[in-house]
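The values are calculated or read from the model by the stated rules, or taken from the named source; none is laboratory data. Note that the coordinates shown come from a computational prediction; the quantities given were computed from them, not determined experimentally. Here Cβ is always computed from backbone atoms with ideal geometry, including for glycine, and neighbour counts include all displayed protein chains. These area figures cover heavy atoms from the full protein model, side chains too; ligands, DNA and RNA do not enter into them. Shrake-Rupley method; radii C 1.70, N 1.55, O 1.52, S 1.80 Å.
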Amino acid sequence: MGQETASWTRLRAVELSGDASAVEGPLAGYYNETYVIALPDGFSGGARWKCREPRRAVLWFDRRCFASEDELLAALAGRVECVPEMIGVGTATLQRFIDGRTLGAGHRRGTAIPGSCVDELVHTFRQLAAITGGTLRVERRCQREDRPEEGDSAGFLERLVCFVEERVYQENLDSFGALFRSLGIDDDAFKYLRKSVAGLAPRPFCLLHCDLHRENLIVDREGRLWVIDWELAMLGDPLYDLATHLYLMRYPGWQAHQVTARWAATVEAVRTGMSRGAAEDLPVILAFKRAQSVFTDVIRQALTLRSDALSVVRAAGQLRQVLERGAEPLGMASVPSRRQIAASLAAWQRASAAGAAA
């Protein structure tokens with residue numbers, strides 16, 4: 001890449017490294033543009049580091065709580081063992097690059113993961129459970145109304161429903177409203193959703209990662225598990241973190257039960273009441289996750305459509321599964337067929353292209 005077309009982030013990475021040929025990237029990632037660099041000899045003991053900046057004009061499908069991921073990770077040093085090291089180099093803050101592979105590279109979604117990884121995940125949940133709002137001195141960006149009172153799990157989930165309704169659905173109606181309607185989704189979906197997820201038991205709040213999936217879990221060369229991508233971390237109901245983890249991991253049934261049981265015993269030992277009502281409330285929060293995915297995945301699939309028919313057919317197949325999972329909590333009487341979804345996507349694509357050309 002020539003300097004005339006290089007991004008500011010890449011130029012910064014080259015400057016810090018001192019060797020343009022040694023800069024790797026950009027790495028795959030939705031929220032950040034990231035490069036991997038080695039610092040000059042003797043600076044950091046041979047470790048490699050991530051130089052990154054948030055991507056501009058990116059749609060956020062999840063609420064953010066903290067003003068800076070870097071500040072959060074620095075505050076977690078010594079408190080959460082799986083967090084990569086942070087260093088300052090001049091005005092730049094760099095995160096250590098974990099040399100290894102994602103958990104998903106060796107254990108695809110839907111399959112079991114090694115017991116040693118479960119052990120480390122449970123240990124991470126234990127450490128997160130001990131971190132409360134009163135003990136975490138990091139600037140927060142979320143509004144006051146998005147900070148329910150300590151233990152108000154129902155209020156916590158209601159604010160997440162509001163985010164999906166207002167920031168994901170309503171703010172994108174001009175671009176995707178016709179597509180949503182053609183798939184059988186309208187404003188009434190949120191009335192059903194609120195009924196579906198009402199009445200959670202109160203639980204003490206703690207720090208949540210909120211995005212613990214296989215591509216955010218890195219196994220290094222010594223077999224140690226690391227957790228990356230803390231952009232979506234927030235303070236709230238600990239059961240939400242477990243539900244999100246289970247939803248994203250797609251464990252086989254027996255391992256999902258194992259992880260759930262170990263999570264409950266672990267967090268309850270940290271603070272009494274953290275697993276209160278888990279048996280009844282976990283299915284409720286999982287229903288919210290299924291409903292949330294309908295809105296985020298419709299937009300994501302539409303935005304990544306290519307012009308060929310095969311792309312539309314593949315997207316329709318994926319959305320059919322998403323709609324089937326989210327139909328009940330959204331009150332959908334029926335789910336359109338794969339062919340109907342493909343027709344809706346193609347019509348949206350044509351209308352979008354026509355609008356751009358106008």
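Of all residues assigned to the stretch 317-337, at least one qualifies as being open to solvent by less than 30 Å² (accessible area, probe 1.4 Å), in contact (Cβ under 8 Å) with a residue 12 or more places away in the chain and farther than 15 Å from residue 184 by Cα. In the stretch 49-70, the residue that is modelled with the lowest pLDDT out of those that are of a type outside the set (Lys, Arg) and within 15 Å of residue 142 (Cα to Cα) is 60.
Scanning the stretch 161-203 for residues that are in contact (Cβ under 8 Å) with a residue 12 or more places away in the chain and of a type in the set (Asp, Glu) yields a total of 2.
When the residues of the stretch 137-163 are filtered to those that are within 16 Å of residue 72 (Cα to Cα) and surrounded by fewer than 17 Cβ atoms within 10 Å (Cβ to Cβ), the one that is modelled with the highest pLDDT is 139.
Checking each residue in the stretch 5-36 for being crowded, with 19+ Cβ neighbours inside 10 Å, hydroxyl-bearing (Ser, Thr, Tyr) and under 17 Å from residue 215 (Cβ atoms) picks out only 34.
Of the residues making up the stretch 244-264, those that are under 15 Å from residue 126 (Cβ atoms) and of a type outside the set (Val, Ile, Thr) are 245, 261, 262, 263, 264.
The condition of being more than 23 Å from the chain's Cα centre (by Cα), crowded, with 16+ Cβ neighbours inside 10 Å and outside any loop (DSSP other than H, G, I, E, B) holds for only one of 285, 299, 341, that being 341. For the stretch 83-113, filtered to residues that are part of a loop (DSSP other than H, G, I, E, B) and in contact with a strand residue (DSSP E or B) (Cβ under 9 Å, 6 or more places away or on another chain), the residue that is most open to solvent (accessible area, probe 1.4 Å) is 85. Pairs linking a residue in the stretch 75-94 that is more than 22 Å from residue 207 (Cβ to Cβ) to a residue that is surrounded by fewer than 19 Cβ atoms within 10 Å (Cβ to Cβ), with Cβ atoms under 6 Å and 6 or more positions apart or on different chains, are 94/87.
Counting only helices (runs of 4 or more DSSP H) that fall entirely inside the stretch 180-277 and contain at least 1 residues that are open to solvent by 40 Å² or more (accessible area, probe 1.4 Å) and in contact with a His (Cβ under 8 Å, 6 or more places away or on another chain), the qualifying elements are 238-249.
Which residues, counting only those in the stretch 58-78, are under 12 Å from residue 231 (Cα atoms) and surrounded by fewer than 17 Cβ atoms within 10 Å (Cβ to Cβ)? Passing the criteria: 60, 67, 68, 71. For the stretch 9-42, residues that are more than 27 Å from the chain's Cα centre (by Cα) and without any contact (Cβ under 8 Å) to a residue 40 or more places away in the chain total 13. Taken residue by residue, the stretch 54-74 has at least one member that is assigned to a helix (DSSP H, G or I) and under 30 Å from residue 201 (Cβ atoms).
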